[in-house]
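Asks: For reference, the structure I am asking about is given below.
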Amino acid sequence: MRENDVILQTVSKVAVFIILTFGVYLFLAGHHNPGGGFIGGLTLSSAFVLLYLAFDVETVNAGIPLDYKMVAATGVLIAIFTGMGALLFDSAFLSQTFAYFDLPIFGKTELATVVLFESGIALGVVGVVVTIIISISEDV
Amino acid sequence: MTSIHILLLIPILAAFLIPVIGRQFPKLHLGWAALPIPIVLFSFFVSKVSSISAGETFTGSVAWIRALDLYFSVYLDGLSLIFTLLITGIGSLVVLYSIFYLSKERESLSHFYAYLLLFMGAMLGVVLSDNLMVLYLFWELTSISSFLLIAFWFRRKKSRYGAQKSFLITVGGGISMLVGFIMLQVMTGTNSVQEIIAMRDSIQEHELFVPALVLILLGAFTKSAQFPFHIWLPDAMEAPTPVSAYLHSATMVKAGLFLVARFTPVFGGEATWFWLVSGVGIFTMFWGSFSAVRQKDLKALLAYSTISQLGLIMSLFGLGSAALQGGASAESVIYTKAIFAALFHLVNHSTFKGALFMVVGIVDHEVGTRDIRKLGGLISLMPITFTLTVISSFSMAGLPPFNGFLSKEMFFTAVLNANEMTIFSMDTWGLLFPIIAWIGSIFTFTYSMIVVFRTFLGPYRREKLEKDPHEAPVGMLISPIILCMLVILLFFVPNRLSDYLLSPAMNSILPAYQNMDGLIPKISPWHGFNLELFMTAGVVLLGAFLLRTYRYWNVVYDFFPEKRSIDRGYQWMLARGESGSKRATDRYMTGFLTNYLYYIYGFLLLVVGGTLWLTGSIVIDTSNDAPVSVYEGIIIVIMATAAISILFTKSRMTATLLNGVLGYSIAIFFVLFRAPDLALTQLVVETVTTVLFLLCFYHLPEWSKEERSLKVRFPKMVVSIGTGALTVLLALSVQGNKMFESISSYFEDSYKLAGGRNIVNSILGDFRAFDTMLEVVVLFIAGVGVYTLIKLKEPKGGDDIERE
């Protein structure tokens, strides 16, 4: 029942990279501008979903051999354990902090622990969305 | 973080490491890997003995969730020190014993030691926590690890039954205890046990005082197997013997006693407390010993004997609490002797009962049966085991020169003192205590003798035994030998124990009596020909008589048929609970999606709509609203058209796309109202859900013609229009009711507070990170749910072992 997807596949090959880049940008921009872990994660997963739509599941899995269940679990664990990290410094669970550093190339940069937490959220979202979509689409 | 915190977490962390070690070193018996942990902990707590006995206490607190008054705070005083020493000391001996008891080839040792260490950490947590909620957490963790350990041989039906029973009863009690804790927190405004003790006088008149007392006692009674909750303990004997020796005689079942001791300064002196603790305790003491005599299985006998001994200690704590009635005074100091006896017997019981369980384990291991009808004449084959049994059971029976004699005498003194009490209407009922105590002790003597005589004396019948009996390996004997040496040693130097351990504990249970004259009695093995001694003599004579004439009087037990009524009641409740909930569930779980939607939206309409209506919150105030612009009007028209068109579409595909129109229009709204984060999220979510819908619809059949009769459609219309109207009303009412100042000004400082200029994201990642974390967890659970529903369909006629 597969139709001829040449146009979709060709466009996807380019578009996926644009979306992925945009997703990473959104993830990093979140601190000061619109974006963040949740949106970043959703955008990244929409790129994956586009891949799965344009190509079949086997091809994509061969190209990106990731177990998305593990990705999701890793994300959730990162979110929880970065929260626990605060306990080691005698702060409340999930406390975040930030500081300014002078880095080469970037100059004065703000580094915040919330990035670690957000990366957990992003991974969790990507893992769950792709897991759900793959498992439903495989169940024919 | 103090060193106590770290030590407390070591066993729990080690529990996770044990399976890894097991995989790395497959040749190692994992017991050797686990053994250093209790030994290290034990030596740490021993090193604290001298400073604790000098009156010091150790505290430490780590903030967990400040907003909930949740602090991981530890408190090491005399009372907790006794328990930590028991937990780690007996823990070391039990681990050593188990190395020889459990075979490396046949048993899943990584599970066993992981659970055992988990229990050890949890139990240490119970006795060291100062925060009520943390204490509760560890309390339930002990129930969980006990469950896992009882079900260690989970292929046996009886193990699973015993594990479930103990879990249901102890966790049920634990939940009632939690409610009691919450009441205490409501009364005092703090979760710290020490602060609650300090506030004792101000809460005594509170209306929640007695309910909290009863609920907390329920937790203690279920855990410490007090009548009528004792029924779980005999079934828990399905656990491997080291577990029975450790959890179900020396430590976990004493958690209830610990709780009672810990809360004596809060509730002691209250009549309800006095009567419940001492009454339930003394009756349990009698009932346990009476039931123990009839047992045929050595371990079941020991289980009932443990129940009885726990009741004994419990009743002593109850009697001693009378000392707090009307404040501390020189006249009532005599009642504190009961608490001293309780602590002393608690230590003694752990030594002799731990040894007895290990001995019975040896018999079971080397002979192959624990049935006293088959055993007999093992004295010449297992001389060392026999000696150990004699020492520990004579101590249990209360004979000199063993430690049980001393504490038994003190028990008699305490009940005789209770007889002379004039408070709590004890002048009428007081005489019951010495009588029941005395009768219970006679049965105690009888069953203690049964353990010795039926097992080791009498005729030796090889044909009834499963293997050739022989003396146990040295490794298995070390632990009971150490315990038996303690049994004898404590008889000769009881006052050393009293100085170093019991008196600091007395000071922490009875802070009002701190260092008062006569609080710490001098223990001496001989105090002349007094009534206590004559009572003991009577116990020995009558006990021996009962043992000889057991054949003639055991008809008494026919009045309490083997189908023990409480046990039957428990099974009946369980069966009724199952069938009742099945019937109720079957009634509403029809399998039709339409019905479920009715429940969900009907409930929403009823509860939310009802609340709105009853509280008169439907206030529509449009005076502050901004004018509607042209663009907004256009989008609204588009959305309304799309929404109405959905009703008339013929295919699922069209409906999904129209639904998408709705979603994207909302995104445009967010853009118009300058919420770029929301707009972005909405756009991506809409895309992903549309794809998801299309994928799902691929699997669904064609959109069938629905039944068009008004009778079917009318209720649907009511519910859907009602839900829609309710949502609109709710949104408008939220605008109309300003109950309090908006908190948004706080978030405007996000750059200063969280270092981020994006307020939305600072809220998500910092201010309200807890919400975000739980959301991602929920999302994950949903994902796993979808995956398991689709992928893990049970093959027909699969492995059914768990449902049996």
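Only the coordinates and a few stated rules stand behind these numbers; no lab work does. In this text, all values refer to a predicted model and were calculated from it rather than measured experimentally. Because the Cβ atoms are built from the backbone with ideal geometry, glycine has one as well, and the counts that use them run over all protein chains shown.
Asks: Show me, bin by bin at 5 Å from 0, the whole-percent P(r) of the stretch B:331-482 based on Cα pairs.
Replies: 2, 9, 16, 18, 14, 11, 9, 7, 6, 4, 2, 1, 0
Asks: So what's the angle, to the nearest 10 degrees on a 0 to 90 scale, between helix B:157-188 and the longest Cα principal axis of chain B?
Replies: That works out to roughly 70 degrees.
Asks: What relative contact order, as a whole-number percentage, does the stretch B:271-548 give when Cα pairs under 8 Å and 6 or more residues apart are counted?
Replies: Relative contact order here is 25 percent.
Asks: Ok, one more. Among B:3, B:321, B:479, which comes first, second and so on when ranked by fewest other beta-carbon atoms within 10 Å?
Replies: In increasing order of surrounding Cβ atoms, one gets B:3, B:479, B:321.
Asks: Here's a follow-up. Would you mind ranking B:709, B:53, B:651 so that the residue whose beta carbon has the fewest other beta carbons within 10 Å leads the list?
Replies: On the way: B:709 8, B:53 18, B:651 11.
So the residues, fewest neighbours to most, are B:709, B:651, B:53.
Asks: So, R0 is 51 Å and r is the distance between the beta-carbons of residue B:698 and residue B:775; what FRET efficiency does that work out to, to 0.05?
Replies: 0.95
Asks: 5 Å is the cut-off here: which amide hydrogens, built 1.01 Å from N in the peptide plane, fall below it relative to residue B:379, excluding neighbours closer than 5 in sequence?
Replies: Distant-sequence amide H within range of residue B:379: zero hits.
Asks: Using a 10 Å cut-off around each Cβ of peptide B:54-63, what is the average number of partner chain Cβ atoms that fall inside? Don't jump to the answer; show the numbers that get you there.
Replies: Values: counts 0, 0, 0, 0, 0, 0, 0, 1, 3, 7.
Average neighbour count from other chains, rounded to a whole number: 1.
Asks: Report the longest stretch of chain B that contains none of the chymotrypsin sites (Phe, Trp or Tyr not before Pro) sitting in a DSSP loop with at most 13 other Cβ atoms within 10 Å.
Replies: Details: sites that count: B:526, B:529, B:592, B:673, B:740.
Counting only loop sites that pass the neighbour cut-off, the longest clear stretch is B:1-525.
Asks: Can you give the convex hull volume per residue for the Cα atoms of the protein assembly as shown, as a whole number of Å³?
Replies: 239
Asks: Give me the Kirkwood hydrodynamic radius of the stretch A:46-89 in Å, from all C-alpha pairs, to one decimal place? Provide the component values of the computation, followed by the final result.
Replies: Working: mean 1/r = 0.0801 Å⁻¹.
Evaluated over the stretch A:46-89, this radius sits at 12.5 Å.
Asks: Convert each backbone phi in the stretch B:267-275 into a coupling constant with the Karplus relation 6.51 cos²θ - 1.76 cosθ + 1.60 (shift: θ = phi - 60°), then list the ³J(HN,Hα) values in order as whole Hz, x for Gly and Pro.
Replies: 9, x, x, 8, 5, 4, 4, 4, 6
Asks: Further question: Hey, got the average number of other protein chain Cβ atoms within 10 angstrom for residues in A:92-101? Let's see the in-between values first.
Replies: On the way: counts 8, 8, 9, 4, 9, 3, 5, 1, 1, 0.
That works out to 5 on average.
Asks: What's the percent breakdown of Cα-Cα distances in chain A across 5 Å bins, shortest bin first?
Replies: In order of increasing distance, the bins hold 2, 10, 15, 18, 17, 14, 10, 7, 5, 2, 1, 0 percent.
Asks: Shifting gears a bit: Can you put B:696, B:484 in order of Cβ neighbours within 10 angstrom, beginning with the fewest? Working shown, then result.
Replies: Values: B:696 14, B:484 26.
Fewest-to-most ranking of B:696, B:484: B:696, B:484.
Asks: Please give the average number of partner chain Cβ atoms lying within 10 Å of the Cβ of each residue in A:71-82, rounded to a whole number. The partial results should precede the final answer.
Replies: On the way: counts 0, 6, 3, 0, 3, 8, 1, 1, 8, 4, 0, 2.
Mean shielding count: 3.
Asks: Something else about it: With θ set to phi - 60° and the Karplus curve 6.51 cos²θ - 1.76 cosθ + 1.60, what are the ³J(HN,Hα) couplings of the stretch B:637-646 in order, to the nearest whole Hz, using x for Gly and Pro?
Replies: Karplus values, whole Hz, x for Gly and Pro: 4, 4, 5, 5, 4, 4, 5, 5, 5, 4.
Asks: How large is ³J(HN,Hα), in whole Hz, for each residue of the stretch A:89-105 in order, when computed from phi with the Karplus curve 6.51 cos²θ - 1.76 cosθ + 1.60 and θ = phi - 60°, using x for Gly and Pro?
Replies: For the stretch A:89-105, the Karplus curve yields 9, 6, 10, 5, 3, 6, 5, 10, 9, 8, 7, 10, 10, 9, 10, x, 6 Hz.
Asks: List the residues whose amide H sits under 5 Å from the amide H of residue B:60, counting only those 5 or more places along or on another chain, with H placed 1.01 Å from N in the peptide plane.
Replies: Close amide H contacts, sequence-distant or interchain: B:74.
Asks: By how many degrees, between 0 and 90 and to the nearest 10, does the Cα long axis of helix B:432-456 differ from the longest principal axis of chain B?
Replies: 80
Asks: Report the extension gain between residue B:460 and residue B:156 in nm, rounded to one decimal, defined as 0.36 nm multiplied by the number of residues separating them, less their alpha carbon distance.
Replies: Numbers: separation 304, 0.36 × 304 = 109.44 nm, distance 3.01 nm.
The span from residue B:460 to residue B:156 would gain 106.4 nm if fully extended.
Asks: Give the relative contact order (percent, whole number) for the stretch B:610-699; include only Cα pairs under 8 Å separated by 6+ residues.
Replies: Numbers: 50 pairs, mean separation 20.2, N = 90.
That works out to 22 percent.
Asks: In the structure shown, do any of B:223/B:353; B:254/B:522; B:158/B:299; B:158/B:296; B:104/B:353 have a Cα-Cα gap over 22 Å, and if so which? Please list the in-between numbers first.
Replies: On the way: B:223/B:353 18 Å; B:254/B:522 25 Å; B:158/B:299 14 Å; B:158/B:296 17 Å; B:104/B:353 26 Å.
Result: B:254/B:522; B:104/B:353 exceed 22 Å.
Asks: Using alpha carbon centroids, what distance separates the stretch A:28-86 and the stretch B:276-345, in Å?
Replies: Here the answer is 60 Å between Cα centres.
Asks: Taking the alpha-carbon centroid of each part, what is the distance from the stretch B:385-447 to the stretch B:559-614 in angstrom?
Replies: After rounding, the separation between the Cα centres reads 47 Å.
Asks: Then there is this: Given an 8 Å cut-off on Cα distances and at least 6 residues of separation, report the relative contact order of chain B as a percent.
Replies: Details: 1085 pairs, mean separation 80.7, N = 804.
Averaging sequence separation for qualifying contacts and normalising by length gives 10 percent for chain B.
Asks: In terms of Cα to Cα distance under 14 Å, which aspartates and glutamates are near enough to residue A:13, apart from those fewer than 8 places away along the same chain?
Replies: A:5, A:56
Asks: Further question on the same structure: For the stretch B:487-503 and the stretch B:2-16, what is the separation of their C-alpha centers, rounded to whole Å?
Replies: The two parts, judged by their Cα centres, are 29 Å apart.
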